[in-house]
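Accompanying notes for the structure given below.
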Amino acid sequence: MKYLPLIWSGLWRKPGRTILIFLQVTVAFALFGVLQGLKSGVAQAVAAARADLLIVHSRLSSIAQPLPLGLLAQIRSVSGVKLAIPVELSGGIYQNPSERIGVVAIAPDEDWPSAFTFTIAPEYLAAFRNSRTAMLVRDLVAQKYGWKIGDHIPLKLPIAQQNGSTDWAFDVVGTFTDSDVGGGRHIVIVSYPYFDEARALQKHTVNHFNVAITDPQLAARVADAIDARFANSSHETKTESLREMAQASMQAIGDFDFLIRAVVGAVLVALLFATTTMMVQSIRERTPELAVVKTLGFTDRAVFLLILAEALAVFLAGAVSGLALATLVLPLAARFVLGLSMPGVVVAIGIALGVLVALISATVPAALAARLPVAQALGGHRAA
């Protein structure tokens, strides 16, 4: 403790330089925290994706190419299939073009939510089954627009009705939540039978089928069996689990872990060079002062540890500040990119990295100070 005033005095000998090092470390570790939070969010999204829920879509396109509703019976007959639900997707506009809402048309069969990641109250499910124009609203949408049960909501869809109008209207009968971190934030659910009957074109077709299976371990076998049913037909299918689709999305942008490590590594190496250069310059400027300290009886080892302590103080303060900043930012970002988080292990690793970079950055300057010849330094020579 008796050396703290000396360490503090050394830190603030050049306040501008100390503040600059502190800011560099803070920015570097804030970036480290955010990137690691993003990595954690991606890993959480993949792990949370259901392996027992399959998506059957056209082999030609997962979105644009419709499948005939007639495939449903054959899909349901595959061993291991517990439930298969037809799903039609569309985009809707509420009031003005900037307010876009995803419209999911679903056949309200018995226990249909088990083929999705939705959580819906029983009374809302009953109301949805009993009304052709019923609409279930995701909780985020209800909060955004202030919709409540009983509201009659007009939406403009790109799909024309039989009378040629693209203006649709649905009645809110309940809300739901979605546990899929990769799912759409602003979506509503409507009845497929009503939607299919009312539209003018592409009747009796769907975007895809959601298939719940009896055992996640059977996912690959059931998927292959479904695709084999329609092989060499005019409507070949491709069946994937939600987890496989999440993993494929990550692979589409390359080795995500490698990208994170490369960016973090580049930032830390740049930080290392910048701070080492500034600390060496600081030691050169403090040569007479360090010579006096050694003259007063400080050993080479004591001077070495003194310089290391100064570096550790700045780096730890910057690392903690950067990680704290990242911890504050991630919950705000998670409102737009679900799943972002800052695990405690990331904070621990960040602090350990801060200590490591501080020790590496300060080793050369501290060694210069430790081997400083007192006589030459007092005579006006700087540390070599």
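Note on region 120-150: among residues that are farther than 13 Å from Ile101 by Cβ and of a type in the set (Val, Ile, Thr), the one that is modelled with the lowest pLDDT is Ile120. Just one residue in the set Ala231, Ala219 is closer than 16 Å to His57 by Cβ, of a type in the set (A, V, I, L, M) and surrounded by fewer than 14 Cβ atoms within 10 Å (Cβ to Cβ); that residue is Ala231.
Every residue, every condition in (1) among the charged types (D, E, K, R); (2) crowded, with 19+ Cβ neighbours inside 10 Å; (3) touching a Lys or Arg at 6+ places or on another chain (Cβ under 9 Å), yes or no:
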residue	(1), (2), (3)
Pro108	no, yes, yes
Glu123	yes, no, no
Asn130	no, no, no
Thr177	no, no, yes
Arg185	yes, no, yes
Val206	no, yes, no
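Restricting attention to region 164-178, which residues are closer than 22 Å to Thr117 by Cα, in contact (Cβ under 8 Å) with a residue 40 or more places away in the chain and either outside the structural domain of Ile120 (by TED's automatic domain parsing) or not polar (S, T, N, Q) (or both)? Passing the criteria: Val173, Gly174, Phe176, Asp178. Of all residues in region 82-93, those satisfying the criterion of being out of contact with any Lys or Arg (no Cβ under 8 Å at 6 or more places or on another chain) and either under 17 Å from Val188 (Cα atoms) or buried (at least 21 other Cβ atoms within 10 Å of the Cβ) (or both) are Ile85, Pro86, Val87, Glu88, Leu89, Ser90.
As for region 74-93, it holds at least one residue that is in a helix (DSSP H, G or I) and out of contact with any strand residue (DSSP E or B) (no Cβ under 9 Å at 6 or more places or on another chain). Applying the criterion of being in the same structural domain as Gly80 (by TED's automatic domain parsing), among the basic types (Lys, Arg) and touching a residue at least 24 places away in the same chain (Cβ under 8 Å) to the residues of region 179-221, the residue that is nearest to Pro68 (Cα to Cα) is Arg199.
The listed residues are Ala73, Ala64, Ala43, Ala48, and the only one of them that is within 29 Å of Asp111 (Cβ to Cβ), among the hydrophobic types (A, V, I, L, M, F, W, C), surrounded by fewer than 18 Cβ atoms within 10 Å (Cβ to Cβ) and modelled with pLDDT under 85 turns out to be Ala48.
Being under 33 Å from the mean Cα position of the chain (by Cα) and surrounded by fewer than 17 Cβ atoms within 10 Å (Cβ to Cβ) holds for only one residue in Asp139, Asp151, and it is Asp139.
Taking (1) of a type outside the set (D, E, K, R); (2) under 34 Å from the mean Cα position of the chain (by Cα); (3) under 16 Å from Leu89 (Cβ atoms) in turn, Thr177 satisfies each apart from (3). Here Val280 clears all of (1) modelled with pLDDT of 75 or more; (2) surrounded by 18 or more Cβ atoms within 10 Å (Cβ to Cβ); (3) in a helix (DSSP H, G or I) except the condition numbered (2). Number of residues in region 202-220 that are under 14 Å from Ile55 (Cα atoms), modelled with pLDDT of 85 or more and not small (Gly, Ala, Ser): the value is 7.
The values are calculated or read from the model by the stated rules, or taken from the named source; none is laboratory data. Computed from a predicted structure; not experimentally measured. Glycine gets a Cβ as well: all are built from the backbone with ideal geometry, and neighbour counts include every protein chain shown.
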